[in-house]
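Some notes on the structure that comes next.
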Amino acid sequence: MRERVVDIEGSILRLDGGKCIVCGRCIAICRKITSALDYAYRSIDTAISTPFNVKLDESTCIACGQCTVYCPVGAIIEVDSTRRIKDILGRGMRPTVCIEPEAIIGLCEALNVKGGSYGKILEALKRIGCGRIILWKPKLKVTARRGSVELIPYSEAEARYIQVRHPDLLRYMANSPILDDRDSIWITPCLARKIGGGNIITVRETARLLTPLDINSLPEADFDEIKLGGVDREVVKAVGVEGIERVIRKMRSEKVEGSVALYVCPDGCLYGGGQPYMELYTKIKREEILAQIRNKIETTE
Ligand code: SF4
Ligand code: SF4
């Protein structure tokens, strides 16, 4: 029996030392990002912590959430917003919901929706009190002038990544997308979108809200609107830490021009830090659901 339990607090995510089984999966993934987590103490007292047990907000944590998708017991997890969202839905005002495409896929997986029938998720959202449902993706604003370079963070996590790993490049940073409507609910695969505050919930939290419903028995609803932002002009995508570091090495060794969109999560938002737990076959499963949804959209067009 461990005598020392280390909890780590944070405003976006926290670690419950009592639940942690010290498997080290969070450390393995975090070492590839900013090494905010490491082992502390020895033998039976071994625990997971930040340097000097500081809060996650005071460490090099960028709130990418990758540790949360690899933790097998949910010991490191987002600070829960479901109560707040339930309160909002309970007022009967039927708020607008903006949901990212990758979040739909994560919800189909988490709630075991058969055949990519994402319309059942939309119906379930309506049944818990949501109003209009918008399929949404942020618009990336490209502002680089000819002959210059700019780094566009897809969320606050990428902005923090550059701040922690490459502070000298901050002068090239554009702003991350802003979720400007404070009355809407935003369902996202990206944990870092919570940094700006507002009614933002991850796929995991949304799945918890919808779990009491028998999703597969519901009819299918449709989106009320589609607002997939895209980009103003052409950008280069740097995906995952390896992709970002490759672009930065190039920036340092030769003259680079243009706009680079940064995505810190490996393989992008489909594997974002707000998505369900990553099992061995998660990648195959998500790509299967994506293919089913694409197929469904093509046959209804
Ligand atoms: S959220 Fe990202 S940076 Fe923070 S501890 Fe987890 S893996 Fe590390
Ligand atoms: S992945 Fe979860 S259980 Fe494993 S060491 Fe990290 S916090 Fe603990």
Report task. Might you let me know whether region 210-228 holds any residue that is in a helix (DSSP H, G or I) and open to solvent by less than 20 Å² (accessible area, probe 1.4 Å)? Result -> yes
Query raised in the report: Has region 19-30 got any residue that is within 12 Å of ligand 1 (Cβ to nearest atom), farther than 29 Å from Ser184 by Cα and β-branched (Val, Ile, Thr)?
Result: yes
Query raised in the report: Met173 versus (1) in contact (Cβ under 8 Å) with a residue 24 or more places away in the chain; (2) closer than 28 Å to Cys30 by Cα; (3) hydrophobic (A, V, I, L, M, F, W, C): which is the lone unmet condition?
Result: (1)
Query - Top-ranked residue in region 154-180 [being assigned to a loop (DSSP other than H, G, I, E, B) and of a type in the set (Ser, Thr, Tyr); ranked as surrounded by the most Cβ atoms within 10 Å (Cβ to Cβ)] - result: Ser155
Report task. Among residues belonging to region 185-203 that are in a loop (DSSP other than H, G, I, E, B) and touching a Lys or Arg at 6+ places or on another chain (Cβ under 9 Å), point out the one that is farthest from Cys98 (Cα to Cα). Result -> Gly197
Report task. Considering every residue within region 178-185, establish whether at least one is in contact with a Cys (Cβ under 7 Å, 6 or more places away or on another chain), at pLDDT 95 or above and within 20 Å of Ile152 (Cβ to Cβ). Result -> no
Query raised in the report: Out of Ile248, Ile289, which single residue is in contact with a Gly (Cβ under 7 Å, 6 or more places away or on another chain) and part of a helix (DSSP H, G or I)?
Result: Ile289
Requested in this report: Enumerate the helices (runs of 4 or more DSSP H) found wholly within region 1-112, keeping only those where 1 or more residues are surrounded by 22 or more Cβ atoms within 10 Å (Cβ to Cβ), within 13 Å of ligand 2 (Cβ to nearest atom) and of a type outside the set (D, E, K, R).
Outcome: 25-31, 66-70
Report summary line: Of Leu191, Leu151, Leu140, Leu135, the only residue that is surrounded by 17 or more Cβ atoms within 10 Å (Cβ to Cβ) and within 20 Å of Leu89 (Cα to Cα) is Leu135
Report summary line: Of the residues in region 119-131, those that are surrounded by 20 or more Cβ atoms within 10 Å (Cβ to Cβ) and either more than 13 Å from Thr206 (Cβ to Cβ) or at pLDDT below 95 (or both) number 1
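The values are calculated or read from the model by the stated rules, or taken from the named source; none is laboratory data. Computed from a predicted model, the values in this text were never measured in an experiment. FYI the Cβ positions are ideal-geometry reconstructions off the backbone, even for glycines, and counts take in every protein chain you see. These area figures cover heavy atoms from the full protein model, side chains too; ligands, DNA and RNA do not enter into them. Shrake-Rupley method; radii C 1.70, N 1.55, O 1.52, S 1.80 Å.
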